1. At 7 Å along Cα-to-Cβ for each site, give me the label-to-label distance between residue 115 and residue 64 in nm.
2. Extending each Cα 7 Å along its Cβ direction at residue 46 and residue 94, get the distance between those two points in nm, one decimal.
3. Which peptide among 238-251, 127-140 comes first, and what is the full order, when sorted by highest mean count of other Cβ atoms within 10 Å?
4. What does the extension gain come out to for residue 224 and residue 259, with contour length at 0.36 nm per residue minus their alpha carbon separation?
5. What's the carbon and sulfur percent of the chain's accessible surface, probe 1.4 angstrom, rounded to a whole number?
6. Net charge around residue 109, counting only other residues with Cβ within less than 12 Å of its Cβ (Lys, Arg = +1; Asp, Glu = -1)?
7. Taking R0 as 22 Å, what FRET efficiency do you get between residue 266 and residue 321 from their Cβ-Cβ distance, rounded to the nearest 0.05?
8. Kindly list the residues of segment 68-89 that lie in the label zone of residue 57, defined by a backbone N under 17 Å from the point 7 Å along the Cα-to-C-beta vector.
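The values are calculated or read from the model by the stated rules, or taken from the named source; none is laboratory data. These figures come from a predicted structure and were not determined experimentally. Quick reminder, even Gly has a Cβ in these numbers, built from the backbone with ideal geometry, and neighbours come from all protein chains shown. Just the protein is used for accessible areas: all its heavy atoms, side chains included, with ligands, DNA and RNA removed. Shrake-Rupley method; radii C 1.70, N 1.55, O 1.52, S 1.80 Å.
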Amino acid sequence: MPNAPIPRATLGRTGERVTRLGIGLAAVGRPAYINLGRGDDLGVERDRAAMEARAHAVLDAAWDAGIRYVDAARSYGDAEAFLGSWLRTRPTAAVESFVASKWGYEYVGGWRLDAAIHETKDHGVETFRRQWEETRGLIGDHVELYQIHSATLESGVLEDSDVHEELAQLRVDAHKRIGLSLSGPRQAETLRRALAVRVRGTPLFDTVQATWNVLEPSVGRALAEAHATGVGVIVKEALANGRLALRDDDPAFAGRAALIAAEAARLGTTPDAFALAAALSRPWVDVVLLGAATPAQVRSNAAALEVAWDGAAEGALARLAEEPEAYWARRSRLSWS
Ligand SMILES: NC(=O)c1ccc[n+]([C@@H]2O[C@H](COP(=O)([O-])OP(=O)(O)OC[C@H]3O[C@@H](n4cnc5c(N)ncnc54)[C@H](OP(=O)(O)O)[C@@H]3O)[C@@H](O)[C@H]2O)c1
């Protein structure tokens with residue numbers, strides 16, 4: 001457990017001083033998700049009451065660890081509702097927490113573990129209007145950052161001036177920050193396209209949320225460029241959906257797993273904290289999101305703040321990176337459980 005308060009960073013031109021660790025709710029807002037080892041950690045109880053209690057336990061553990069940044073999304077099942085009920089019963093957290101959410105993906109899993117499809121994507125202006133009303137109804141007053149969920153070149157949202165106008169209006173009318181999250185092997189290209197989006201001469205995006213981790217660092221250069229232009233940088237999937245907590249038993253991963261275990265041991269920490277420390281040690285990263293599903297994982301993850309990252313650890317990164325295409329192909333094979 002970190003003794004000193006969690007270090008803070010300025011989230012780009014938003015000027016917001018945010019904690020360098022955030023807690024994401026993708027794993028606790030709905031019964032199923034893709035992270036490795038879920039079955040062991042969550043057991044069979046996945047009804048709404050059980051998941052709400054789990055989400056509150058994770059949020060409380062994050063709060064106790066000094067984390068004051070929360071990331072939700074419309075598609076994370078009832079995550080926004082669970083966050084709303086948590087904030088209503090913890091007035092200090094309601095004042096001190098920086099709350100972000102996302103639109104563009106919709107939860108369609110019917111609260112079933114075995115749903116054929118759990119989420120669908122639409123980045124049209126009608127979806128934005130409807131989902132913002134839904135978010136506003138659940139956590140509206142608390143949301144400070146509203147992000148397009150997994151913008152890609154293919155989704156067309158970066159060419160959609162109607163959406164851009166409405167997002168710019170949300171910033172003016174409701175004083176919300178505007179961001180986007182990325183996904184897939186073309187994150188860098190997508191980010192460079194997003195940085196060029198302007199509404200009446202003003203850059204549209206205040207922040208970017210992207211997958212960066214020691215297996216998939218390819219978006220790093222583009223994130224550094226964005227950060228240099230005043231865009232706040234938020235890292236997601238820093239544990240590669242649990243693979244970097246060494247839950248991946250794929251023989252092809254064994255060599256990398258052994259190197260991570262050795263480096264973590266050398267630094268006197270755990271594999272998950274090692275991987276999170278790698279993300280925290282990037283100078284162009286403001287916030288690293290934890291995807292913990294249990295309070296114990298939150299505490300283990302938060303120890304990343306204590307890791308004394310050094311040259312040898314930095315040197316090991318070159319031997320850990322995977323081909324981006326291979327990384328995302330492996331991710332797309334992760335099953336919902
Ligand atoms: N497109 C997007 O915008 C997008 C996509 C993904 C994530 N995100 C955001 O980023 C956040 C984090 O990403 P993520 O949850 O997808 O992935 P992640 O951080 O890469 O992985 C988190 C998972 O790692 C496992 N884990 C963590 N600590 C562990 C420990 N000490 N021991 C063993 N296993 C451990 C847990 O898996 P189990 O749950 O199986 O225990 C946990 O759910 C999300 O909550 C969300 O807010 C955004």
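1. Distance between label points: 3.1 nm.
2. Here the answer is 3.2 nm between the modelled labels.
3. 238-251, 127-140
4. Values: separation 35, 0.36 × 35 = 12.60 nm, distance 2.64 nm.
Gain on stretching residue 224 to residue 259: 10.0 nm.
5. Numbers: 6880 of 13240 Å².
With neighbouring chains kept in place, the figure for the chain is 52 percent.
6. Numbers: positive: 30, 46, 112; negative: 78, 106, 114, 119.
Here the count lands on -1.
7. Numbers: r = 19 Å, r/R0 = 0.88.
The computed FRET efficiency comes out at 0.70.
8. Hits in segment 68-89 for residue 57 at 17 Å: 82-83, 86.
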